[in-house]
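Laboratory data are not the source of any read-out in this text; all were calculated from the coordinates shown. Small disclaimer: the values here were computed from a predicted structure and weren't measured. Note that we place each Cβ from the backbone using ideal geometry, even for glycine, and neighbour counts take in every protein chain shown.
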Amino acid sequence: MQTNNNSSFIISYLNLRVGLGFVGFFLPIILIIGSFIFGNCSQIQPSISHYYYTVMGNYFVGSLCAVAMFLFFYKGYSKTDSIVANIAGVCALLVAFFPTDPVSDSLCQFVTNNRNGSVNAIHYAAAALLFSSFAFFCLVLFTKTDAINAMSVHKKSRNKIFVTCGIIITVCIVLLAAFNIIGSLQNVIEKYKPTLILESIALFAFGLSWITKGEMFLKDN
């Protein structure tokens, strides 16, 4: 009976990881489509965070709160896992409740808010640390194993996915930083929504890494 209970617990925990992955993976898609359907707005926002001000704002905040709650209760193989997860959880809440400055010419604005430099700075610092935590999970924590010599074929395959996702997230962070620092670059490519695209790619990688961690595929026996 104890074995069955442990098996059920493990399966439930893996399913939670998969669920977290789906939340992150589909967040950009749902925000964009939801804003169009429920807000009758075809204007693409400059970033994921700017959907806070659209009709999908509650979904944006709710998704980040759900991610934060899971991360607060996440237990990995070591104390480091819990520390990184807690940091990421706090950052997710900061991103949700310290919104970025609104776009003055947005046609989709559903919520009004005054610009605040301090709140905006907290938002971007928390977002940068949140994505950095995601990359750390992929590159360092998810690739761990109890016994390297006994690493299964599927575990090796999962590690390749983790490393790839971690590299993608890291590259997105670097490009986002470059875009925000180099003013001349902003003027050239801003119309292509580079922040939204890079954030979406990073979230896709984040989602895929957690779905893989939940062993939705490449599952060990």
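For segment 15-213, with the dipole built from +1 on Lys and Arg beta-carbon atoms and -1 on Asp and Glu ones, taken about the Cα centre, which of 56, 66, 178 lies farthest toward the positive end?
It is 66, whose Cα lies furthest towards the positive end.
Kindly put 220, 81 in sequence by how many other C-beta atoms sit within 10 Å of each C-beta, fewest to most.
Values: 220 9, 81 17.
Least to most surrounded, the residues fall as 220, 81.
What share of Cα pairs, in percent, lie more than 18 angstrom apart in segment 14-86? Show your work: numbers first, answer last.
Working: 1223 of 2628 pairs.
Tail of the P(r) past 18 Å holds 47 percent of the pairs.
Rank the residues 119, 174 as a footprinting-exposure proxy: fewest other Cβ atoms within 10 Å of their Cβ go first.
On the way: 119 16, 174 11.
Fewest-to-most ranking of 119, 174: 174, 119.
Would you mind working out the magnitude of the charge dipole of segment 29-170 relative to its Cα centre, with +1 at each Lys and Arg C-beta and -1 at each Asp and Glu C-beta, to the nearest 20 Debye?
On the way: 8 positive and 4 negative charges, 121 e Å.
In total the dipole reaches around 580 debye.
Take segment 15-213, compute every pairwise Cα distance, and split them into 10 Å bins from 0; I just need the percent in each bin.
Histogram of Cα-Cα distances, whole percents per bin: 9, 35, 35, 16, 5, 1.
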